[in-house]
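The values are calculated or read from the model by the stated rules, or taken from the named source; none is laboratory data. From a predicted model like this one, the values you see are computed outputs, not experimental measurements. Counting neighbours? That spans all protein chains shown, and the Cβs are built from the backbone with ideal geometry, glycine included. For the accessible areas, the whole protein counts, side chains as well, though only heavy atoms, and no ligand, DNA or RNA atoms are used. Shrake-Rupley method; radii C 1.70, N 1.55, O 1.52, S 1.80 Å.
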Amino acid sequence: QVQLVESGGGLVQAGGSLRLSCAASGRSFSSSAMGWFRQAPGKEREFVAAISWSGGTTYYADSVKGRFTISRDNAQNTVYLQMNSLKPEDTAVYYCAAADRWIVITTTPHYWGQGTQVTVSS
């Protein structure tokens, strides 16, 4: 079992930046693929970004490519999502996720955090 706790959400103006953090505990974080998803009101949850266990491979949704950066610190059991040039359409609840295998991190992660709200005003 793994527990994931997100933080760093909030209200920001369009064009601004936020950094989300996800603290992991309960199992071997350093061997897990990690990801971020988001869910806007009235919409389905969607994939945002993923990072391999080593940090050597990252993958982004087209909608955030070039604006968001995922990173991890295995010594601190933490994964980050740096969000720049935020747009109102980025408004959503952002969820941290973990998976035992890279191949499923973008679709069906095994573990989820509780989510953190990000609101971007125009």
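Before moving on, here are some points about what is shown:
- Screening Gly15, Gly42 for residues that are in contact with a Leu (Cβ under 8 Å, 6 or more places away or on another chain), open to solvent by 20 Å² or more (accessible area, probe 1.4 Å), in a loop (DSSP other than H, G, I, E, B) and on the phi > 0 side of the Ramachandran plot leaves exactly one candidate, Gly15.
- Residue match in region 100-119 (condition: closer than 16 Å to Gly15 by Cα and not small (Gly, Ala, Ser)): yes
- Residue match in region 63-74 (condition: at pLDDT 95 or above, under 11 Å from the mean Cα position of the chain (by Cα) and at positive phi): no
- Answer residue from region 47-84, given it is open to solvent by less than 10 Å² (accessible area, probe 1.4 Å) and in contact with a Cys (Cβ under 9 Å, 6 or more places away or on another chain) and is nearest to Ala33 (Cα to Cα) among those: Val79
- Of all residues making up region 18-39, the number that are touching a Ser or Thr at 6+ places or on another chain (Cβ under 8 Å) and loosely packed, with under 14 Cβ neighbours inside 10 Å: 0
- Residue, farthest from the chain's Cα centre (by Cα), within region 85-99, restricted to residues that are open to solvent by less than 10 Å² (accessible area, probe 1.4 Å) and of a type outside the set (A, V, I, L, M, F, W, C): Asp90
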